[in-house]
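Q: Quick one: this structure, given as C-alpha cells, is what I'll be asking you about.
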Amino acid sequence: MRIELKDAGRRFNQEWIYRHVNYLFEAPERYAVLGPNGSGKSTLLSLLLGNLAPSEGEIIYTHADGSNIPVDQVYKQLSFAAPYLDLIEEFTLQETIDFHFKFKKVHPAIPKSEILNLLGLKKSQDKPLKYFSSGMKQRTKLILACCSDTPMLFLDEPTSNLDVQGIGWYQQLIEQFSDKRLVIVCSNQKNEYLFCNHLLEVTDYK
C-alpha cells in the first residue's frame, strides 16, 4: 500500500496551507507528520484520508500489486482515530464495538471477544458513551482503529485526553497492531510518534 503526493498543495481562500509537497508514504513504514498547532498537520491528514482534494498537484493511492485505488474507495483501506472524531453517544460500549465491526474486519492479531479486555473497560461495556470521560472515549477510538484489519492506520494527536497510564497503553497498542501497515501519525508530542522511522515537517512546505 502506498500514497504518493505529486507537487500537492492546499489552500483556503487565498491562503496556501502548504505547497509543492512531493512525498511517498509506503507500507510497512511509519511516518510522523509534525508541526506546531495551526501549521496544517490535520489538513494534510484530511488530504491523505481522501476527505479533501488538493488545490494543486495530485495524490495517488496504490495497492501492493501496483493497481490504483479510486479516491472514493480509499476509506475501505484505512482506519482513523482523532480526538475530534464523533462517536454515537447513545450507543453502549459493546454496541459501539459491534456496530464498528459490521463495517471493518477484526485484526487477525486479536479475536473480537478480547477487544473489551484489551481496552480495559469491560466493566463499562453496557454504559452509554455519553457517560464516558474524554479519556475513555479516546481509548475507544484508538482501539477501534488499531483493531481493524486495514492496510493503513491514521492517527491524529492520539494521546489527547489520555493520562500517563493511557499513554503507556497507547504505545503498547501501537506495538501490537502496527506491523506490516502504513502508519501515519499527526503530532507535536514526541511520545506519540517515537516508533515512527520517517518524519515530515509541514513547515518545510510553506
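Nothing in this text is a laboratory measurement; each read-out follows from the coordinates by a stated rule. This structure is a prediction, so every number in the text was calculated from the model and none was measured.
Q: Given a cut-off of under 8 Å on Cα pairs at least six residues apart, what relative contact order in percent is computed for the range 91-205? Before the final figure, lay out the partial values.
A: Details: 111 pairs, mean separation 30.1, N = 115.
The value is 26 percent.
Q: 5 Å is the cut-off here: which amide hydrogens, built 1.01 Å from N in the peptide plane, fall below it relative to VAL106, excluding neighbours closer than 5 in sequence?
A: Amide H neighbours of VAL106: ASP149.
Q: According to the square roots a ≥ b ≥ c of the eigenvalues of the Cα gyration tensor, what is the shape class of the range 2-205, taking rounded for a/c under 1.5, prolate for a/b larger than b/c otherwise, and oblate for the remainder? Present the calculation step by step, with values, prior to reporting the outcome.
A: Values: a/c = 1.82, a/b = 1.58, b/c = 1.15.
Verdict is prolate for the range 2-205.
Q: Turning to a different aspect of this structure: Check which residues have an amide H placed less than 5 Å from CYS186's amide H, if you skip close sequence neighbours.
A: Under 5 Å from the amide H of CYS186: VAL33, LEU155, ASP156, GLU157.
Q: Sticking with this structure for a sec: Where does helix 134-146 land angle-wise versus the long Cα axis of the chain, in degrees 0 to 90, nearest 10?
A: Approximately 70 degrees, to the nearest 10.
Q: Got a sec to turn the phi values of the range 191-206 into Karplus ³J(HN,Hα) couplings, 6.51 cos²θ - 1.76 cosθ + 1.60 with θ = phi - 60°, whole Hz, x for Gly and Pro?
A: Once rounded to whole Hz, the list reads 5, 8, 10, 4, 7, 7, 10, 9, 10, 10, 8, 4, 5, 5, 10, 7.
Q: How about LYS6: which aspartates and glutamates have a C-alpha closer than 18 Å to its C-alpha, ignoring those fewer than 8 places off in the same chain?
A: GLU26, GLU56, GLU58, GLU201, ASP204
Q: If you take every DSSP beta bridge fully contained in the chain, what fraction is antiparallel? Give it as a percent rounded to 5. Don't skip to the end; give the middle numbers.
A: Values: 17 of 35 bridges.
Counting only bridges with both partners in the chain, antiparallel ones make up about 50 percent.
Q: Could you go through the range 84-93 in sequence order and give the Karplus-derived ³J(HN,Hα) for each residue, using 6.51 cos²θ - 1.76 cosθ + 1.60 with θ = phi - 60°, rounded to whole Hz, and x for Gly and Pro?
A: 8, 6, 7, 10, 7, 4, 7, 6, 6, 4
Q: Between helix 164-177 and the chain, what is the angle of the helix's C-alpha long axis to the longest principal axis, kept within 0 to 90° and rounded to the nearest 10?
A: Helix 164-177 and the main axis of the chain meet at about 70 degrees.
Q: I've got another one for you. Got the relative contact order for the chain handy, in percent, Cα pairs under 8 Å and 6 or more residues apart? Provide the component values of the computation, followed by the final result.
A: Details: 363 pairs, mean separation 67.2, N = 206.
So the answer I get is 33 percent.
Q: Could you pull out the pairs from LYS102/LYS122; LYS112/LYS190; LYS76/LYS130 whose alpha carbons sit more than 24 Å apart here?
A: Details: LYS102/LYS122 20 Å; LYS112/LYS190 31 Å; LYS76/LYS130 28 Å.
Result: LYS112/LYS190; LYS76/LYS130 exceed 24 Å.
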